[in-house]
Amino acid sequence: MKVTGRKFSPGLDRFSGLYLWGLFVVLFSFMAPRTFPTMNTVHLLASTEAIAAIVALALLVPMVTGQFDLSIGAIANFSGILAVIVQTNGLLDPVGAILLGTAVGTAIGMLNGLIVVKLKIDSFIATLAMGSILEAFLVIVTNNREPLPVDNEFFTGLTQTSIFGFQAVFFYMIVIALIVWWLLERTPAGRYMRATGFDREAARLSGVQVDKWSFLSLTISGTICGFAGVLFVSLTGPSLGFGPSLLLPAFAAVFLGSTQLVPGRHNVWGTVLAIFVLATGVQGLQLVSGAQWVASMFNGVALIAAVGLAVVRRKKLSRPKKEKSKGKNQGGGSLSASTQPAGTQGSPSAPPAGQVSEKRVEV
């Protein structure tokens, strides 16, 4: 909220998620007064949605560089199951299994990055194919049978230890969110990643190593997903089908998050807010209706609405620039200003005149 001159702005353009969250709380507290407005519901949402939020943060990193990662769910699933198998077969202790699961996620992320950067295959296709390959490997490794849960106090306590009534997995999510926020917002690496995603060609002409940052973003995504998979099996036990269920909420959260707090750009806290807004809506509808299909229906509708809002927001942001550029041309503005690539505004440095000319020739 802010006061601009004499006009009062409620901040609907960037805080609509918070208003929607408040609306859900009031509405479902009225409709299910005995079950919804309780601390049990708060603790349940915090613990069950922590993994989804971590996977959404993993997806956020490559999307900042303009890359999609459709293998996030498959990576988490495969890494988590592998961490269980090596323990139940006595091959590794819990610490070794955690490191193995995270390392496997990192290796798969690096492979995704190599396919995208070296083979020049679109990340949408490459990661979709990688997800399918990992599902096949999961069947090979498990023989399509769900492994037994790990009977180890240290491993289960990794996520199920209670801190102020919240399970520890919720605090892992907060720590990971802080690290990703610091990386994207407070380091040169984050600025290079945003420049790469904002306008790849302009960033390349400015001297940014766009392939390097695309590769690293997919590698980071794989690492976070691998760790998320380990946390999931520690929290709820092994499941062969939990990975695909994470994909839709993650995309819905990242797109809806791009319309919140910092509208027009993918951001960490908007994504975390979106995850819990969506989860509150799903939880409330399930308590009121008892229907099992509510989560799929709600997340699907939310994804369409979030992408629509993101597109509308992007058009609104680009409209003044186009009008300004048109006005300059009509008023005899400089040629270089009107033809400068839009992405250079987010680049670490403006491209030299010669490089801009190169860009214009290519176009």
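The values are calculated or read from the model by the stated rules, or taken from the named source; none is laboratory data. Quick caveat, the model's predicted, so the values are computed rather than measured. Glycine gets a Cβ as well: all are built from the backbone with ideal geometry, and neighbour counts include every protein chain shown. Areas reflect the complete protein model, heavy atoms only, side chains present, ligands, DNA and RNA absent. Shrake-Rupley method; radii C 1.70, N 1.55, O 1.52, S 1.80 Å.
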Exactly one of (1) in contact (Cβ under 8 Å) with a residue 40 or more places away in the chain; (2) open to solvent by 30 Å² or more (accessible area, probe 1.4 Å) is unmet by D93. Its number? (1)
Of the residues that sit in the range 119-140 and are open to solvent by less than 50 Å² (accessible area, probe 1.4 Å) and among the polar types (S, T, N, Q), which one is nearest to L82 (Cα to Cα)? T127
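If I ask for residues that are open to solvent by 20 Å² or more (accessible area, probe 1.4 Å) and either part of a helix (DSSP H, G or I) or of a type in the set (S, T, N, Q) (or both), which ones from the range 190-205 would you list?
Our first condition is that a residue be open to solvent by 20 Å² or more (accessible area, probe 1.4 Å); within the range 190-205, this holds for 191-192, 194, 197-201, 204.
Selection gives R191, Y192, R194, G197, F198, R200, E201, R204.
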Pair list, Cβ under 6 Å, 6 or more apart: the range 172-186 residue over 25 Å from T161 (Cβ atoms), other residue modelled with pLDDT under 95: L183/G190; L184/G190
Taking the range 252-279 and the residues there that are in a helix (DSSP H, G or I) and surrounded by fewer than 22 Cβ atoms within 10 Å (Cβ to Cβ), the one that is nearest to the chain's Cα centre (by Cα) would be W269
Unmet criterion (only one of (1) open to solvent by less than 20 Å² (accessible area, probe 1.4 Å); (2) in a helix (DSSP H, G or I)) for L247: (1)
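Considering every residue within the range 141-160, establish whether at least one is farther than 22 Å from F242 by Cα, open to solvent by 20 Å² or more (accessible area, probe 1.4 Å) and in contact (Cβ under 8 Å) with a residue 60 or more places away in the chain.
As a first pass, look at the range 141-160 and keep what is farther than 22 Å from F242 by Cα: 153-154.
Then keep just the ones that are open to solvent by 20 Å² or more (accessible area, probe 1.4 Å); that gives 153-154.
Checking which are in contact (Cβ under 8 Å) with a residue 60 or more places away in the chain leaves us with 154.
Among the residues of the range 141-160, at least one is farther than 22 Å from F242 by Cα, open to solvent by 20 Å² or more (accessible area, probe 1.4 Å) and in contact (Cβ under 8 Å) with a residue 60 or more places away in the chain, which makes the answer yes.
I'd like the residue in the range 65-86 that is open to solvent by 10 Å² or more (accessible area, probe 1.4 Å) and under 12 Å from the mean Cα position of the chain (by Cα) and, out of all such residues, is farthest from P238 (Cα to Cα). First the steps, then the outcome.
In the first step, residues of the range 65-86 are kept if they are open to solvent by 10 Å² or more (accessible area, probe 1.4 Å); the result is 66-68, 70, 74, 78, 82, 85-86.
With the extra rule that they be under 12 Å from the mean Cα position of the chain (by Cα), the set shrinks to 67-68, 70.
Values: Q67: 29, F68: 27, L70: 21 Å.
Looking at residues that are open to solvent by 10 Å² or more (accessible area, probe 1.4 Å) and under 12 Å from the mean Cα position of the chain (by Cα), I get Q67.
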All helices (runs of 4 or more DSSP H) inside the range 93-173 with 2 or more residues being within 17 Å of D211 (Cα to Cα) and small (G, A, S): 94-117, 123-142
